[in-house]
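Here's the structure we're looking at; comments come further down.
The values are calculated or read from the model by the stated rules, or taken from the named source; none is laboratory data. Please read all numbers here as calculations on a predicted model, not as lab measurements. Glycine gets a Cβ as well: all are built from the backbone with ideal geometry, and neighbour counts include every protein chain shown.
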Amino acid sequence: MAVAVQEVLDKTAHQLRISRVLVQAGMIRPERPDRFLNAVRTLGKWGATLAGGYGAAAARYPDAVAVIDEAGSATFGDIDRRTNAIARGLRELGVSEGDAVGLLCRNHRGFVEATVAISKLGANVIYLNTGFAAPQLAEVLDREGAAAIVHDADFAEIVEPAAGDRAAVVAWHDGLTPNPTLDELADKHSTAPLTAPAKPGRTIILTSGTTGAPKGAKRSAPKGLGAAAAVLSRIPLRAGETTVIAAPLFHSWGLAHLNLALALGSAIVLQRRFDPEETLRVVADTKATALVVVPVMLQRILAAGPEAAARHDTSSLRIVAASGSALTGSLALEWMDRFGDNLYNLYGSTEVAWASIATPEDLRAAPGTAGKPPLGTTLRIVDSEGRDVPPGTTGRIFVGNELPFEGYTGGGSKAMLGNLMSVGDLGRLDDQGRLFVEGREDDMIVSGGENVFPSEVEDLLARHEAIADVAVVGVPDEEFGQRLKAFVVKKPGARLTAQAVKDHVKQHLARYKVPKDVVFLDELPRNTTGKILRRELR
């Protein structure tokens, strides 16, 4: 009985903490009763899906700007009405409840409209990587059983051989196209409200595929607002503001901010292609308060030089939210020294969503940290037997939160420890409870009997004044079993030899952590979200 009472008290306290965060963010605020009731009815009809979210937002603030892109702006009401028509058009093309639809689009309103329309049909949306080649695209469409594909005209050459006899709809185009377009579907069909499906569709986000073929990760719509509150508890986004989403929307990080902006009633600003100075210009022109990036975008903005930054007033930025790949301590400090202490870094994965979030205070106090678990998140560092390890000791990272992963579409899941899921990384906690990620479990190498984490060497070399980018991997070695190999990109005009790289590591780290090989490259191979393709380096 006492245990049951305590569980009720704990749940009540957690709900109160969620409510407090949502009030601070402005998600819970006074508004017109009729609009609020219409929004509640809409969410009751559609659930916590993007269909329900845009319908509820259209009921609450129909004339507020939802999306700004190269084509102009669209309100929440515009998107709700147009997606009713687009959904009818997709249904006419053969898309039914429970079907899967591939989405191969850059960042623009068509991505949003297609996603919402697919959601209104109760179909599953597969977010496809814009870096795919035709064979990889065909493999994913076949594996996931896609009934149709929505794509930008840019990708017609790879879509045509991959799509087969599937229906194809063009989202963004600059001229004539043989396939129907979202605009044509919107113009041709009724914008009247639709009947909700019996069962809401799922989102299928593909893993990055940096170590193998990308897998489809299934997720249903979150229940309640706990997931939003978790992120907002560490990243202080506010309702009714403007967010520039530079990170790809097909990636879980960009998609998360699409959902957060919707929940907050905030406008999102989208660009089809990332350009460092153009991003600064858009921030200045829209007076955006938040910028969502992957870390390589920070590198490129900084590389554009202080002159580029000086040409644009970005003082409106309160938040620069980064995720998707490792953020080195040196990059975090360089960014904050130039643009102010506005940098937040979320660490997680496609499967676990988030594990921890570092605030500017964390990044200043402990450069390189991944931060602390947000509200409602449990994080444990354990040994090979599943036992908690003390602070400072490296172990496997397991996480539990309010956005559960439902397994891969092809079957299987990640390792579990009770209700906690493995991230697949090794890490440690400091005495303040801040997480430091050492690297992938399968990235750790044993060289001459010593455990070596390539990320430690990478972090050291990333701080070298002559190095612009670096990756360190383990390769086979006949004498030591494995050895480190460093791939280095020099800063323009820098003079640096392989021996100088080795000497620098030797001066700061143990001898067995010195790379045996150093290779200079013009650039590192990365995927569209900025992750280094280590399999190519190996």
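Quick rundown of the values:
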quantity	calculated
Test set (1) farther than 18 Å from LEU225 by Cβ; (2) β-branched (Val, Ile, Thr); (3) without any contact (Cβ under 8 Å) to a residue 12 or more places away in the chain - THR12 fails condition number	(1)
Wholly enclosed strands (runs of 3 or more DSSP E) of region 245-361 bearing at least 2 residues β-branched (Val, Ile, Thr)	267-269, 290-293, 319-322
Search result, residues across region 493-527 that are surrounded by 18 or more Cβ atoms within 10 Å (Cβ to Cβ) and assigned to a helix (DSSP H, G or I)	VAL501, HIS504, VAL505, LYS513
Residues of region 77-121 that turn out to be outside any helix (DSSP H, G or I), out of contact with any Gly (no Cβ under 7 Å at 6 or more places or on another chain) and within 14 Å of ILE149 (Cβ to Cβ), as a count	9
Search result, residues across region 134-162 that are within 11 Å of VAL101 (Cα to Cα) and of a type in the set (Gly, Ala, Ser)	GLY145, ALA146, ALA147, ALA148
Any hit, region 457-468, residues being assigned to a strand (DSSP E or B) and touching a Phe, Trp or Tyr at 6+ places or on another chain (Cβ under 7 Å)	no
Residue list for region 225-244, restricted to those being part of a loop (DSSP other than H, G, I, E, B) and of a type outside the set (Val, Ile, Thr)	LEU225, SER233, ARG234, PRO236, LEU237, ARG238, ALA239, GLY240, GLU241
Some residue of region 246-269 being at pLDDT 95 or above, touching a His at 6+ places or on another chain (Cβ under 6 Å), buried (at least 23 other Cβ atoms within 10 Å of the Cβ) and within 30 Å of GLU361 (Cα to Cα)	no
Exclusive hit being loosely packed, with under 15 Cβ neighbours inside 10 Å, outside any strand (DSSP E or B) and either touching a Cys at 6+ places or on another chain (Cβ under 7 Å) or not acidic (Asp, Glu) (or both), set GLY433, GLY530	GLY433
Residue within region 332-339 that is modelled with pLDDT under 95 and among the aromatic types (Phe, Trp, Tyr) present	no
Set ASP275, ASP341, ASP337: member being in contact (Cβ under 8 Å) with a residue 12 or more places away in the chain and farther than 30 Å from ALA56 by Cα	ASP341
Test for THR369: is it part of a loop (DSSP other than H, G, I, E, B), loosely packed, with under 15 Cβ neighbours inside 10 Å and either in contact (Cβ under 8 Å) with a residue 12 or more places away in the chain or in contact with a strand residue (DSSP E or B) (Cβ under 8 Å, 6 or more places away or on another chain) (or both)	no
Set GLY433, GLY530: member being among the small types (Gly, Ala, Ser) and touching a helix residue (DSSP H, G or I) at 6+ places or on another chain (Cβ under 8 Å)	GLY530
Restricting region 331-361 to residues that are within 18 Å of LEU298 (Cα to Cα) and of a type in the set (D, E, K, R), the residue that is surrounded by the most Cβ atoms within 10 Å (Cβ to Cβ)	GLU334
